[in-house]
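Undergrad: Okay, handing you the structure first.
What follows is calculated from the coordinates using simple rules that are stated; it is not laboratory data. Please read these numbers as outputs of a predicted model, since none were measured by experiment. Cβ: placed from backbone, ideal geometry, glycine included. Neighbour counts: every protein chain shown.
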């Protein structure tokens, strides 16, 4: 009987020892905020993370980052804490630090200064403390960096004429969260009927149907998110094609009349200049080839030399007269 009691006691102790050595250690519990975190651009983000475990020499803390739309396996390291030392790494190393260093008191909060739009994504707080392997010790935090909308660009397409349709577009190149857009018709002119305006707040598109003269004017687009707003404006006038044709005809007639008036003016001026031109006169000192010398009778005959074309005076008809007397004849 005594031997049986001794064997039973040894068996119980061995079983308890086996249970002690094979039982898992305390579970690592990591706590992070359930709600997403948002921080304005340029500010400091604090990503709260706490844990509960019996810290040993094997304690390891790791922070990593996953870009939006990518799986956890594609995470990029930010910093490590192991063997009592902190090792920042990656592109965020200069801006990343721990709220409490060393993080052995149950607080593993990460501080990220001067946040950029590219810092938007998922951050992973991972605590590893062998032999506490009961859970994976992961905590996920979604961070959004808030950016005000940039100045949007306004544009238009379509036929801006009476009865036609046009599409106005508005878009900001940056802004987080994504801006919403609102179009407003400015001025004191009549506002287009509500049925002729179809607006999409997400895409920033405004469709104007059945354009009328009241559709003319200035339109303002305002891009807004929780960080602020920005706007752009666009102005156009609805044209009437029929009036355009009449105006074109009137302009053509006026141009024709103008050209005709210029031609008549030039002709009248040319005639006046021609009439004012002086007639050709001859002074006493001017000689003409066919002029008759004073005192010579017009009966003086000339004959042309057929061989050389020179004019000669006929010797037989040489009669000279003077105004007051006759010259004596010699026989």
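Undergrad: Take each of the peptides 100-112, 204-216, average the number of other beta-carbon atoms within 10 Å over its residues, and list them starting from the highest.
TA: Per-residue Cβ counts within 10 Å, averaged per peptide and sorted highest first, yield 204-216, 100-112.
Undergrad: How would 219, 87 line up from fewest to most surrounding beta-carbon atoms within 10 angstrom?
TA: Ascending Cβ contact count within 10 Å gives the list 87, 219.
Undergrad: How do 221, 154 line up, fewest other C-beta atoms within 10 Å first?
TA: Ranked by crowding around the Cβ, least crowded first: 154, 221.
Undergrad: Still on this structure, I have one more. Order of 60, 127 from fewest to most other C-beta atoms within 10 Å?
TA: Ascending Cβ contact count within 10 Å gives the list 60, 127.
Undergrad: Something else now. With each label point set 7 Å from Cα along the Cα-Cβ vector, what nm distance links residue 255 and residue 114?
TA: Using points 7 Å along Cα→Cβ, the separation is 6.3 nm.
Undergrad: Using only the Cα atoms of the stretch 153-240, what do you get for the radius of gyration and for Dmax, in Å?
TA: Cα only, the stretch 153-240: 13.1, 43 Å (Rg, Dmax).
Undergrad: Now for a separate question. One quarter of the convex hull surface, Cα atoms only: what value does that give for the stretch 24-146 in nm²?
TA: Directional mean of the projected Cα hull area for the stretch 24-146 stands at 7.0 nm².
Undergrad: Follow-up. Compute the FRET efficiency between residue 262 and residue 180 as 1/(1 + (r/R0)^6), taking r as their Cβ-Cβ distance and R0 = 51 Å, and round to the nearest 0.05.
TA: 0.25
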